[in-house]
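S.K.: Dropping a structure here in structure tokens format, bear with me for questions.
The values are calculated or read from the model by the stated rules, or taken from the named source; none is laboratory data. Just so it is clear, the structure is predicted and the values come from calculations on it, not from any experiment. Backbone-built Cβ (ideal geometry, glycine too); neighbour counts: all protein chains shown. All accessible areas refer to the heavy atoms of the entire protein, side chains included, with ligands and DNA or RNA removed. Shrake-Rupley method; radii C 1.70, N 1.55, O 1.52, S 1.80 Å.
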Amino acid sequence: MATSNTEEIKEIERKEQGIINFDEFPPEVLIKHPLQHTWTLWYYEPDKSKSWEESQREITSFDTAEDFWSLYNHIKPASELRQGCDYSMFKQGIRPMWEDDANKLGGRWLINLDKKQRATDLDHFWLEILLCMIGEAFNEYSDDVCGAVVNVRTKGDKIGIWTSNANSEDSVIEIGRKLKERLRITPKLTIGYQVHKDTMIKKGSQTKNTYTV
């Protein structure tokens, strides 16, 4: 009994002196939350003196939830990017371009937003997609997700979520359904999946959708 009272007194004394006993805190408060994958943020700004590939800048990589929020809160939101600029977030080692080995057999779910939606939906959609990716929200199909790109353009903005294999129909469709669900897109509005090799041949607006949800 005496030992118990002594420990209580010591604890009160420590609190009064402002001494923090880290043993009181659960481990999850003291450590960062690791993500399943390491992710890299890229930024594209058009530069006439450089090629498209050279204009893609690798900004930084992160592998914990806390580092994601630190990054996200210290960069401009997508809605404030200059016309013609992009953000891309891909798994580490995958470049945000069709030719990358991880992307060349894949495609993207594409969400088109009109100019008015830049103020209302763009940042919300982009953040929700990033959270879906780093949080592995696509369940057993999360490994098929390569990354996502947001394009800020004069006529209207676009967000694409890229997958690795356009022929994996079950995976592609399930990712599209989950995406539509998380973004709360009305069932009456369909979104389309475009295969990269088709997009490379044709202009984006003319590329046919291989799948829709």
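S.K.: I'd like the distance between the alpha-carbon centres of segment 136-178 and segment 38-91, rounded to an integer number of Å.
M.R.: If you average the Cα positions of each part, the centres end up 17 Å apart.
S.K.: Separation between the Trp69 and Gln36 pseudo-spin-labels, each 7 Å from Cα along Cα→Cβ, expressed in nm?
M.R.: Going by the 7 Å Cα→Cβ label model, 2.1 nm.
S.K.: Right, something else. With the Cα gyration tensor of segment 46-89 in hand, give its eigenvalues times 5 under a square root as the equivalent ellipsoid semi-axes, listed largest first in whole angstrom.
M.R.: In descending order the semi-axes read 24, 14, 6 Å.
S.K.: Hey, any idea what % of segment 23-131's accessible area is carbon plus sulfur with a 1.4 Å probe?
M.R.: The computed percentage sits at 51.
S.K.: Let me check against my output: what whole-number percent is the relative contact order of segment 76-153, with C-alpha pairs under 8 Å and at least 6 apart?
M.R.: 56
S.K.: Let me ask you something else. Once you have a ≥ b ≥ c as the square roots of the Cα gyration tensor eigenvalues for segment 75-213, tell me rounded if a/c is under 1.5, and otherwise prolate or oblate according to whether a/b is larger than b/c.
M.R.: rounded
S.K.: Under 21 Å between C-alpha atoms is the cut-off here; go through segment 64-182 and count lysine pairs that meet it, provided they're at least eight residues apart or on different chains.
M.R.: 17
S.K.: Please compute the contact order of segment 118-162 in relative form: average sequence separation of alpha-carbon pairs under 8 Å and at least six residues apart, divided by the residue count, as a percent.
M.R.: 32
S.K.: Over segment 120-213, calculate the relative contact order: mean separation of alpha carbon pairs under 8 Å at least 6 apart, over the residue count, as a percent.
M.R.: So the answer I get is 22 percent.
S.K.: Rounded to two decimals, what is the ratio between the C-alpha radius of gyration of segment 48-133 and 2.2 N^0.38 Å?
M.R.: Dividing the Cα radius of gyration by 2.2 N^0.38 Å gives 1.18.
S.K.: Counting other Cβ atoms within 10 Å of each Cβ, which GluC sites (Glu not before Pro) in segment 88-138 have at most 12 and sit in a DSSP loop?
M.R.: In loop regions of segment 88-138 (DSSP not H, G, I, E or B), the sparsely surrounded GluC sites (Glu not before Pro) are Glu99.
S.K.: What accessible area per residue, rounded to a whole number of Å², is obtained for segment 122-173 using a probe radius of 1.4 Å?
M.R.: 37
S.K.: Add +1 for every Lys or Arg and -1 for every Asp or Glu among the other residues with Cβ under 11 Å from the Cβ of Ser142, and state the total.
M.R.: -3
S.K.: Could I ask something else about it? How far, in nm, would the chain grow between Ala119 and Glu45 when pulled straight, counting 0.36 nm per residue and subtracting the alpha carbon separation?
M.R.: Roughly 24.6 nm would be gained on extension.
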